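Here's the structure, in structure tokens; my notes come after.
Each reported figure results from applying straightforward, stated rules to the coordinates on display, with no laboratory input. The structure presented is a predicted model; accordingly, all values stated were derived computationally and were not measured. Neighbour counts run over all protein chains shown; Cβ positions are idealised from the backbone, glycine included.
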């Protein structure tokens, strides 16, 4: 597993089955660690997403672990 793989807010949105605004809210309140890409989009590392999922008792899909 490449823990440094970068995910978009769209990737997180699809994985968590939530809206883009929900993902952005998680980022803005600091629940989900992200950084701002030079192009103005947020990026989330795979390890940050996994930490977020575990901290919030959300399932970690096998597909995410295998990537």
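Taking 0.36 nm per residue of sequence separation and removing the Cα-Cα distance, the residue 54/residue 5 pair yields an extension gain of 15.9 nm. Taking the fewest neighbouring Cβ atoms within 10 Å as the starting point, the ordered list for 25, 62 is 62, 25. Distance distribution note for the chain: the fraction of Cα pairs above 15 angstrom is 47%. Set the Förster distance to 22 Å, then compute FRET efficiency between residue 22 and residue 47 from the Cβ-Cβ distance, nearest 0.05. Calculated transfer efficiency: 0.60.
Taken along the Cα-to-beta-carbon direction at a fixed 7 Å, the label points for residue 61 and residue 31 span 1.9 nm.
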